[in-house]
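The values are calculated or read from the model by the stated rules, or taken from the named source; none is laboratory data. The structure displayed is predicted, hence computed values, not measured ones. Virtual Cβ from ideal backbone geometry, glycine too; neighbours counted across all protein chains shown. Ligands, DNA and RNA are stripped out before the accessible areas are found, and what is left, the full protein with its side chains, is counted by its heavy atoms. Shrake-Rupley method; radii C 1.70, N 1.55, O 1.52, S 1.80 Å.
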Amino acid sequence: MKTRLNKYLSEAGVCSRREADRMVEAGRVKVDGLPAAVGMQIEEGQQVTVDGKPVQKAKKDRTILLAVNKPRGVVCSEVSQGGDVNIVEYLNYPERVTYAGRLDKDSEGLLLMTNRGEIIHQMMTGSHGHEKEYEVVVDRPVTDPFLKALAAGVYLEDLQTTTRPCRVERIGKRSFRIILTQGLNRQIRRMCRELGYQVQKLTRVRVMNIRLGHLKTGAFRKVTEEELTTLLRLLEQNGK
């Protein structure tokens, strides 16, 4: 049975399917010793390598799911970013894991990392409406009209789209909590900028049922069996 190469790499926990195509285009992936091509299919028994290292599919009964408190300045990427440290290098986990949903370089907080490609694929599908909760500090006092505008949805001119309605509440003079169900690029920063505010600090504190809690900056923990079971159930429900 043949499998698309990007799906194989995703299910092996190497990266997302989109990232896999980029790695293939960059010449980092080989099949049976020959450079791979975007869109190609492979059969069981063929050897796939990334940067010269063999890739093996993760076993279903060995799910790794980590909750990481990503520091500000670390980038969500599989490859080196000039002078920046990427999350894979930073974490230096002994087994192959990658991120399930991004946090931009200037943001911090909860990032999930796993060896299960299907979890990555499901969590990065924006139409499924997975909840992500953030605490945000802005450059001036938060007003009721500002919060109402965020909650109703903001038209982002550069993306030519209006954000989905969301839940927002004030938690301080210049801070608020926001729960999104979509993942547009730098969405909260763009929303605030359209309304005349600048984000000074942005921390993700929850992804679906997984919470950041008191995890220290730069630290990680394995999610509990109960958390994993609930997450998989929610992913299945939201995907229907």
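Tally up the residues in segment 113-157 that are under 22 Å from the mean Cα position of the chain (by Cα), of a type in the set (Asp, Glu) and open to solvent by 40 Å² or more (accessible area, probe 1.4 Å), please.
Number of matching residues: 3.
Within the group ASP84, ASP104, which residue is open to solvent by 10 Å² or more (accessible area, probe 1.4 Å) and at pLDDT 90 or above?
Being open to solvent by 10 Å² or more (accessible area, probe 1.4 Å) and at pLDDT 90 or above holds for just one of ASP84, ASP104, which is ASP104.
Kindly provide the set of residues from segment 158-183 that are surrounded by fewer than 18 Cβ atoms within 10 Å (Cβ to Cβ), among the aliphatic types (A, V, I, L, M) and touching a residue at least 40 places away in the same chain (Cβ under 8 Å), ordered by number.
Correct list: ILE179 only.
Just a yes or no: is a residue in segment 57-73 over 16 Å from SER10 (Cβ atoms), in contact with a Cys (Cβ under 6 Å, 6 or more places away or on another chain) and buried (at least 17 other Cβ atoms within 10 Å of the Cβ)?
Our first condition is that a residue be over 16 Å from SER10 (Cβ atoms); within segment 57-73, this holds for 61-62, 66-73.
Checking the rest, the ones that are also in contact with a Cys (Cβ under 6 Å, 6 or more places away or on another chain) come to none.
No, segment 57-73 contains no residue that is over 16 Å from SER10 (Cβ atoms), in contact with a Cys (Cβ under 6 Å, 6 or more places away or on another chain) and buried (at least 17 other Cβ atoms within 10 Å of the Cβ).
Taking interchain pairs and intrachain pairs at least six residues apart, which have beta carbon atoms under 6 angstrom, with the first residue in segment 73-102 and at negative phi and the second open to solvent by less than 80 Å² (accessible area, probe 1.4 Å) and of a type in the set (Gly, Ala, Ser)?
The qualifying pairs are ASN86/SER77; ARG96/GLY13.
Quick check on my filter: what residues within segment 1-53 are of a type in the set (A, V, I, L, M, F, W, C), surrounded by fewer than 12 Cβ atoms within 10 Å (Cβ to Cβ) and closer than 20 Å to HIS121 by Cβ?
Hit for segment 1-53 is MET1, nothing else.
With respect to GLY213, determine if the residue is loosely packed, with under 12 Cβ neighbours inside 10 Å and within 24 Å of PRO71 (Cα to Cα).
Details: loosely packed, with under 12 Cβ neighbours inside 10 Å: yes; within 24 Å of PRO71 (Cα to Cα): yes.
Taking the combined requirement at face value, the residue satisfies it.
Under the condition of being at pLDDT 95 or above and of a type in the set (A, V, I, L, M, F, W, C), which residue from segment 158-178 is farthest from the chain's Cα centre (by Cα)?
Filtering first and then ranking leaves ILE171.
What tally of residues in segment 154-181 results from selecting those that are among the hydroxyl-bearing types (Ser, Thr, Tyr) and assigned to a loop (DSSP other than H, G, I, E, B)?
Residues in segment 154-181 being among the hydroxyl-bearing types (Ser, Thr, Tyr) and assigned to a loop (DSSP other than H, G, I, E, B): 2 in total.
Kindly evaluate LEU184 against the criterion of being under 27 Å from ASN238 (Cβ atoms), assigned to a loop (DSSP other than H, G, I, E, B) and modelled with pLDDT of 95 or more. Let's see the steps before the verdict.
Numbers: under 27 Å from ASN238 (Cβ atoms): yes; assigned to a loop (DSSP other than H, G, I, E, B): yes; modelled with pLDDT of 95 or more: no.
So LEU184 does not fit the description; no.
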